[in-house]
1. Going through the stretch 78-152, which chymotrypsin sites (Phe, Trp or Tyr not before Pro) have at most 14 other Cβ atoms within 10 Å and a DSSP loop state?
2. When the distances between all Cα atoms of the stretch 110-152 are binned every 10 Å from zero, what whole-number percent does each bin get?
3. Order of 102, 128 from fewest to most other C-beta atoms within 10 Å?
4. Summing +1 for each Lys or Arg and -1 for each Asp or Glu, what net charge is found among the other residues whose Cβ lies under 14 Å from the Cβ of residue 82?
5. Which ³J(HN,Hα) values, rounded to whole Hz and listed in residue order, are derived for the stretch 120-131 from phi using the Karplus coefficients 6.51, -1.76 and 1.60 in 6.51 cos²θ - 1.76 cosθ + 1.60 with θ = phi - 60°, glycine and proline given as x?
6. Sorting 83, 118 on the 10 Å Cβ count, fewest up front, what's the list?
7. ³J(HN,Hα) across the stretch 81-94 via Karplus (A = 6.51, B = -1.76, C = 1.60, θ = phi - 60°), whole Hz, x for Gly/Pro?
8. Any chance you could run the full-extension gain for residue 54 through residue 124? It's 0.36 nm times the residue separation minus the Cα-Cα distance, nm to one decimal.
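Derivation of every value follows stated rules applied to the coordinates shown; laboratory data play no part. Quick caveat: nothing in here was measured; it's all calculated off a predicted structure. A quick note on method: Cβ atoms are made from the backbone with ideal geometry, for glycine too, and the neighbour counts reach across all protein chains shown.
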Amino acid sequence: MAKYIGFSTKNANKTRTYSTTTTRYNTVGDGIIPQGGIVFGKKFRLTDASLIIQDFVNALNIRKGEKVGKPNYGTTLWDFVFEPNTIDVVNAIQNEVRRVASLDPRLYVNTVSVYTKENGILLAMQLSVDPFVTANDLAVFFDQGSNTAYTV
């Protein structure tokens with residue numbers, strides 16, 4: 001049985017201080033992180049456009065009705081995985097991708113191309129992130145075998 005661990009307000013009014021020295025991690029995604037305390041064990045840190053695109057891919061992984069307390073949140077793209085490749089299905093997929101992207105005001109979908117693969121759907125998109133001018137290409141594969149959407 002799950003055990004609830006409550007929130008403590010002990011020392012909530014005290015000012016937190018961090019050391020100004022830096023530590024360099026020799027891993028992929030090498031970055032300078034202040035010593036003394038950002039989350040330990042994190043090898044990667046997404047910022048700016050990468051974070052927004054990862055949020056979008058995460059939103060594509062949630063099926064409609066799966067998120068607790070938000071029955072209308074999520075995507076119906078998983079329903080199209082084994083549908084025939086007709087113009088109506090392609091238009092429905094493109095509209096669903098644009099609807100999910102419209103939930104994030106920082107993200108704009110320029111183009112969406114739909115390709116069928118042996119075990120799922122490949123979406124090739126060109127996305128623009130609001131504060132930046134450059135367009136990003138993104139390919140997301142919806143794999144029916146593993147029930148996940150991942151970038152290619």
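1. The qualifying sites are 82, 132.
2. 29, 46, 20, 5
3. With the fewest neighbours first, 102, 128 line up as 102, 128.
4. It works out to a net charge of -3.
5. Karplus-based 3J(HN,Hα) across the stretch 120-131 equals x, 10, 10, 10, 10, 10, 10, 10, 10, 9, 3, x Hz.
6. 118, 83
7. 4, 10, 6, x, 7, 10, 4, 5, 5, 4, 5, 5, 5, 4
8. 23.7 nm
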